[in-house]
Amino acid sequence: MAEQFPDRQWGSRTNVLSRAANRFAATKPGSWFIRTITPLDRAVLERTDAKYTVLGPIGAPVILLTTTGRKSGQPRTQPLLYVHDGDVLYVIGSNFGQAKHPAWTANLLAQPAATVAIAGERLPVTAAPVPDADKERVFARFVEVTGAYAAYRDRTTRDLRIFALRRT
């Protein structure tokens, strides 16, 4: 059996603040706001090895994913919401419904070895695209985390890339 990922969530996804934040995140201004605070969230996550996040009080499960830049060869770190499935973490390249795939997804396609910071730990992982047959099931799990993902998918014509991350 593969080793489980730590599971740490603080805040609640069912409180009034969380419900309001999730509705706001589904809007274009909400998406802009989240993109704007991403550098602050990245700093908090990096300082705490993803033990704490700006989005924590609303129960958002956030990790730091560090990939290798496909062109630069340099480490590239991105805070991402994830779905926890024991020995697998799922991440999705929604890019808030923008027309282009986020760069980290192309980095993973080019070099699937990466690092995840979660619950105060940094762990090596290998990424694999989720097979088409499983994508809808996994996507539904993201919508359970926040309905904003349904809005993001509706905003774009591109196929959202979903990756399964496994410890190495």
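Here are the numbers for this structure:
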| read-out | value |
| --- | --- |
| Qualifying residue in the range 46-63 (condition: hydroxyl-bearing (Ser, Thr, Tyr), open to solvent by 10 Å² or more (accessible area, probe 1.4 Å) and over 20 Å from Phe163 (Cβ atoms)) | yes |
| Residue within the range 144-162 that is farther than 28 Å from Lys28 by Cα and either over 15 Å from the mean Cα position of the chain (by Cα) or free of Cβ contacts under 8 Å to residues at least 24 places away in the same chain (or both) present | no |
| Selection from the range 32-48 of residues that are closer than 18 Å to Ala151 by Cβ and in contact with a helix residue (DSSP H, G or I) (Cβ under 9 Å, 6 or more places away or on another chain) | Trp32, Phe33, Ile34, Arg35 |
| Out of Leu17, Leu55, sole residue that is farther than 28 Å from Arg122 by Cα and at pLDDT below 80 | Leu17 |
| The range 120-143, residues that are modelled with pLDDT under 90 and either of a type in the set (S, T, N, Q) or under 14 Å from the mean Cα position of the chain (by Cα) (or both) | none |
| Within the range 125-168, tally of residues that are assigned to a loop (DSSP other than H, G, I, E, B) and under 17 Å from Leu80 (Cα atoms) | 4 |
| Residue within the range 144-159 that is modelled with pLDDT of 95 or more and either closer than 29 Å to Glu3 by Cβ or among the aromatic types (Phe, Trp, Tyr) (or both) present | no |
| Filter result for Ile92 (in a strand (DSSP E or B), in contact with a strand residue (DSSP E or B) (Cβ under 9 Å, 6 or more places away or on another chain), at pLDDT 95 or above and under 22 Å from Ala148 (Cα atoms)) | yes |
| Restricting the range 20-42 to residues that are assigned to a helix (DSSP H, G or I) and over 19 Å from Pro102 (Cβ atoms), the residue that is modelled with the lowest pLDDT | Asn22 |
| All positions within the range 72-89 that are modelled with pLDDT of 95 or more and either open to solvent by less than 20 Å² (accessible area, probe 1.4 Å) or assigned to a loop (DSSP other than H, G, I, E, B) (or both) | Ser72, Gly73, Gln74, Val88, Leu89 |
| Residue in the range 110-123 that is in a helix (DSSP H, G or I) and of a type in the set (A, V, I, L, M, F, W, C) present | yes |
| Count of residues meeting criterion [more than 13 Å from the chain's Cα centre (by Cα) and under 18 Å from Leu165 (Cβ atoms)] in the range 70-87 | 6 |
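The values are calculated or read from the model by the stated rules, or taken from the named source; none is laboratory data. Values in this document were obtained by computation on a predicted structure and should not be read as measured data. Note that each Cβ is placed from the backbone with ideal geometry, even for glycine, and that neighbours are counted across all protein chains shown. SASA here: full protein model, heavy atoms, side chains in, ligands and nucleic acids out. Shrake-Rupley method; radii C 1.70, N 1.55, O 1.52, S 1.80 Å.
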